[in-house]
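The values are calculated or read from the model by the stated rules, or taken from the named source; none is laboratory data. Since the model is a prediction, treat every value here as computed from it, not as a measurement. Note that each Cβ is placed from the backbone with ideal geometry, even for glycine, and that neighbours are counted across all protein chains shown. Accessible surface areas use protein heavy atoms only, side chains included; no ligands, DNA or RNA. Shrake-Rupley method; radii C 1.70, N 1.55, O 1.52, S 1.80 Å.
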Amino acid sequence: MRRQPKGGGKTKTRKRKAATPRRRGSASARQKAEIARLTRALDEASQQQAATAEILQIISGSPGDLQPAFGKMLAHAARICEAKYGNVFRLEGDTLHLVASHNTPTALIEARRRVRLNPKLPFGRMVATKAAVQVADIMAEEAYTVQRDPRLVAPVEIGGARTVLVVPLLKEGEVIGAFSLYRQEVRTFSDQQVELLSSFAAQAAIAVENTRLLNELRQRTDELGRSIAELQRERSNKLMNMEAMAASIGHEVRQPLAGIASNGGAALRFLGHAPPNLDEARAALNRMISDAHRASQVFDNIRALFGKANQVREPIDVNELALGVLQTLGEELKDHAITTQAELTAELPPVFGHRGQLQEVFINLFRNAIEAMAAIDHGRRLLQVNSARNADNAIVVTVQDCGPGIDPRRLPNIFEAFITTKPDGMGLGLAICRMIVERHDGKLAVAQAQPSGSVFSVILPGVPGATR
């Protein structure tokens with residue numbers, strides 16, 4: 001009777017000792033598994049958060065260039081989702097255009113630059129459903145095994161792909177592109193990984209829209225800048241025209257008025273002779289009348305140049321025009337002891353233009369030559385005027401002096417307004433000459449003459465089909 005309690009006591013004690021360690025070991029294993037799962041989830045969340053922050057930083061740092069952001073998105077997505085490579089596409093119509101890739105074989109990139117949608121294939125299903133599409137094994141798809149569709153054959157046989165995940169880029173509920181990830185083994189992506197790639201796609205869609213808005217803003221800003229610049233140029237041109245018109249009146253009228261005063265004084269002197277020299281007085285008075293007409297013509301020419309009056313054009317013989325200006329300036333040329341030499345090609349076709357304006361051009365060029373040669377203290381003062389036809393069938397009239405010439409540093413801007421080489425000049429004569437010639441579809445040029453002096457060339461188109 002004593003043995004039974006002993007034996008029973010020992011038996012019970014052994015059972016209790018054996019059961020307790022098993023329960024503790026099982027609970028410990030479950031706890032370790034849960035901790036490991038939570039650790040993995042936390043690690044994945046941390047990676048995703050860090051990747052998202054980096055991507056947003058890249059997007060904000062380069063708002064107009066999405067290539068770096070897309071590349072970084074793909075790199076993070078492939079690493080976190082354990083994919084071999086990935087691509088980003090832009091959808092236009094029914095075709096996907098490759099815009100970025102990560103770790104994709106070069107040959108596959110060339111084969112996938114443009115992908116036409118097929119509603120039965122992964123990208124086509126994604127566009128139709130506007131949701132993520134995953135294919136566990138591409139090689140099990142009928143389009144691969146039976147139809148041998150190159151859109152599936154290329155990723156498998158060039159890129160070694162087996163499992164593919166594609167998610168859409170959505171803008172206001174419409175697909176504008178796609179992200180794709182590929183694994184080279186048959187292993188589906190988890191829900192968390194699908195969610196991650198969808199999150200990146202959403203960020204990409206926002207970046208695309210922001211870039212579009214930014215580009216529109218830049219375009220409108222550029223257009224506004226161009227409009228403002230054009231208005232400023234127009235305002236400056238109007239101001240310049242007003243200043244040039246006022247200055248041109250003073251510049252051009254000064255000579256006829258000076259001639260009127262000079263000839264008037266001469267006429268009085270001739271009349272004061274005993275007996276009066278009536279012939280010379282009559283000649284001086286005729287010159288006064290000519291100068292008065294000349295002053296009136298200056299106003300007409302300026303109105304035609306800066307306004308809308310008197311815009312009538314006609315065929316003009318440039319040889320006759322040049323000779324007429326030389327005759328008009330004959331007294332000035334004589335007073336400055338300048339010899340003229342005119343070599344004018346005969347039978348030149350006429351030019352079509354405003355006679356008074358073109359006359360102003362030659363008057364300015366001849367007077368500039370006269371003033372340039374006034375600096376010569378000794379030696380012959382020669383003004384040469386030539387006319388010819390160039391290789392382009394245009395009429396070229398050259399005016400050459402033998403003065404000191406123009407400083408080569410000033411040649412590039414010699415025709416700009418308010419640029420002058422004269423101490424008391426206004427810098428408008430040559431600017432107005434160029435304006436007139438260009439309005440006649442011509443060109444005014446200048447070069448150094450040899451051995452000294454300057455040569456100005458007036459190039460004007462001849463009247464088409466005209467013969468003389």
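A few points about this structure:
- Across region 90-203, Cα pairs under 8 Å and at least six residues apart give a relative contact order of 24 percent.
- The loop-placed trypsin sites (Lys or Arg not before Pro) in region 171-213, going by DSSP, that have at most 16 neighbouring Cβ atoms within 10 Å of their Cβ come out as ARG187.
- Distance between region 203-234 and region 341-365 - C-alpha centres, whole angstrom: 49
- Other-chain or far-sequence residues with amide H under 5 Å of GLY462's (modelled H): ILE395
- Highest mean first, the peptides 201-209, 157-165, 391-399 sorted by other C-beta atoms within 10 Å per residue fall in the order 157-165, 201-209, 391-399.
- With kT/(6 pi eta Rh) evaluated at 20 °C and eta = 1.002 mPa s, and Rh the Kirkwood radius from Cα pairs, region 311-441 diffuses with a coefficient of 136 µm²/s according to Stokes-Einstein.
- Per residue convex hull volume, Cα atoms of region 174-215, in Å³: 79
- Take 121-127, 225-231 and order them by the average number of nearby Cβ atoms within 10 Å per residue, most first; the result is 121-127, 225-231.
- Segment ARG114-ASP279, extension gain: residue separation times 0.36 nm, minus the distance between their alpha carbons: 49.9 nm
- Alpha-carbon gyration tensor eigenvalues x 5, square-rooted, for region 108-188, Å: 21, 13, 12
- For region 123-247, the share of accessible area belonging to carbon and sulfur comes to 54 percent (1.4 Å probe, ligands and nucleic acids excluded).
- Computed label-point distance, nm, for sites ALA292 and ALA131 using a 7 Å Cα→Cβ extension: 10.0
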